[in-house]
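Undergrad: Got a structure here, written out as structure tokens. Questions coming.
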Amino acid sequence: MKINASKMATPIEEKVDQNLKTRTGMVMISDGKSKPELARLHLSMEMITIQKQDTTTPAPTPTNATHPPIESKERMVQITRQKVGGLGLSIKGGAEHKLPILISRIYKDQAADATGQLFVGDAIIKVNGEYITACPHDDAVNILRNAGDIVVLTVKHYRAATPFLQKQLSRETPESDNDATCAELKADENWKSVNSSRPVSISSEPENRWIDLVSVPLMMAYVTRYIYGTDKLRPNAFEVRGLNGTTTGIIHCDDLAILSQWLKYITDNVVGLTSLQMKLFNRNFPVGERIEYMGWVNEGVINNHISWQSYKPRFLVLKGTEVMLFDSPPLNVTGLAKANVAYKVYQTMFRVVKESETVDSRQHCFLLQSSGHEPRYLSVETRQELLRIENSWNAAIVTSVIKLGRKTFAVSHHGKTGGLTLDWQAGFSLTEGAEAAVIWQYKFSQLRGSSDDGKSKLKLHFQDHETRTIETKELECHVLQSLLFCMHAFLTAKVASVDPTFLSSIQQA
């Protein structure tokens, strides 16, 4: 197939191989500064790869299974665990080293060796259908140990790592620790030139061969059309950044329809993989503490040294009663406890910013403000993603308020100290004195309005069920913003909980 360089983007071709769907098409690639060059985009469920054409004649492919594959295709291999020796392999690498999980040793006459289909230098992508591409080394070891007696591995061969790992085996010394091996591997010349030495994908005609330049894992990947750190939208280009620090570079499509297709396919894969990771995380949590949402957002940052607002990617997580922001996605359950920012959902306001209110050219923006903190101005790439966050937020509000149950704020009423309680079942109540005597009580449905002075004074307007008259209660609270945000959360949760459509959407999710 001869490539026509005068035409930048070509229609996306779809192919299914061993139940794995892949898409390919021609695009232009650049580093954002130099002139774009022609390349092929190859998209699988968990990886996006930039390829260049290779017209050299390929060496004959061995027909037996004793040689490592030279193709970059994924393979599924079934292993039967042995009572002695287990799976019969060792692994190196891991997300903490920005390396794939690589098979570093296969023990002779044991389970992996018996398959004849696994090789030193194979990267393990899935274990029994579950992705481990974002797993640290120790987590991957535990997953393999607990995978059962029949284990199905999805693997892909990394030729660049093979010489180094085989050299390690020839030293006839005990296996070095993972950290040391990973450091040596990343310093190895073959690995450093991996962009030009990765496995090739071969078809029957010499001119149809493609060399992988760079592969970016899509698990929790960052996809953007904006110039990094700005509100400037690229008119016909986008970029994908992987969890392991790799990037596709800037992908250019002159045809906007093809551009939109690529963005949809890639984003759908990212969302699907992130949802799988969310389900894996949620196995460790009870219902009220599970994750409702995970995904990338961009936070507007005001810098005193410049006149415009810059943007920083943040990873947003809605979990249980908390909304959290990370500089990079959490790789495991322990990582979820290390958020850069964490607010209680029931003390935080979420508001979608209207198009007429945006501060610059960024679209699909929203505000998060927790009591006692400055508001955070955030944006996402698409309207669909903003709706996903909004729906997840409403679900998180219901979860957090039900789990909280009730919240009491110190107030003064007619000069007397008391406590205003918001109770999920009972509504509003005011108590006074050491005995906590109830002075008045109203259901949430009786609230007809409220007003405040922005400092400490609050008026609540309730309607009496029998007389239908409006009764106004005046209070003072030194943490007025916190009270107002919590009151808003309780009311939002009440509305959501009696809306059948909303309830149905939550149950389906």
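Undergrad: Straight distance only, please: which aspartates and glutamates reach the Cα of LYS232 with their own Cα at less than 13 Å, same-chain residues fewer than 8 apart left out?
TA: Straight-distance partners of LYS232: ASP360, GLU381.
Undergrad: While we're here: Starting from the residue with the highest accessible area, list TYR107, TYR377, TYR265 in decreasing order, probe 1.4 Å.
TA: On the way: TYR107 75, TYR377 25, TYR265 50 Å².
In descending accessible area the options line up as TYR107, TYR265, TYR377.
Undergrad: Among the aspartates and glutamates, which have Cα under 12 Å from the Cα of LYS416 when same-chain residues fewer than 8 positions away are ignored?
TA: Cross-link targets: GLU432, GLU474, GLU476.
Undergrad: So for each of 38-47, 347-356 I average, over its residues, the number of other beta carbons within 10 Å; can you give me the resulting order with the highest mean first? Mind dumping the intermediate values first?
TA: On the way: 38-47: 20.7, 347-356: 15.4.
The packing order, highest mean first, is 38-47, 347-356.
Undergrad: Expected output is a single nm value to one decimal: the length gained when fully extending between THR230 and ILE470, i.e. 0.36 nm times separation in residues minus the C-alpha distance. What is it?
TA: Details: separation 240, 0.36 × 240 = 86.40 nm, distance 5.04 nm.
Value of the extension gain: 81.4 nm.
Undergrad: Taking all protein chains in place and a 1.4 Å probe, what share, in percent, of the accessible surface of the stretch 284-400 do carbon and sulfur account for?
TA: Carbon and sulfur together cover 47 percent of it.
Undergrad: Could you list, in their original order, any pairs among LYS457/LYS494; LYS354/LYS459; LYS52/LYS312; LYS156/LYS338; LYS92/LYS344 whose Cα atoms are separated by more than 30 Å? Don't skip to the answer; put the middle values down first.
TA: Working: LYS457/LYS494 25 Å; LYS354/LYS459 28 Å; LYS52/LYS312 32 Å; LYS156/LYS338 32 Å; LYS92/LYS344 39 Å.
Pairs exceeding 30 Å: LYS52/LYS312; LYS156/LYS338; LYS92/LYS344.
Undergrad: Also, quick follow-up: Could you name the aspartates and glutamates whose alpha carbon sits less than 19 Å from that of LYS33, not counting residues in the same chain fewer than 8 places away?
TA: Those aspartates and glutamates meeting the cut-off are ASP231, GLU239, ASP254.
The values are calculated or read from the model by the stated rules, or taken from the named source; none is laboratory data. Here the structure is a predicted model, which means the values were calculated and not measured. As a convention, Cβ positions derive from the backbone with ideal geometry for all residues, glycine included, and neighbour counts pool all protein chains shown. SASA here: full protein model, heavy atoms, side chains in, ligands and nucleic acids out. Shrake-Rupley method; radii C 1.70, N 1.55, O 1.52, S 1.80 Å.
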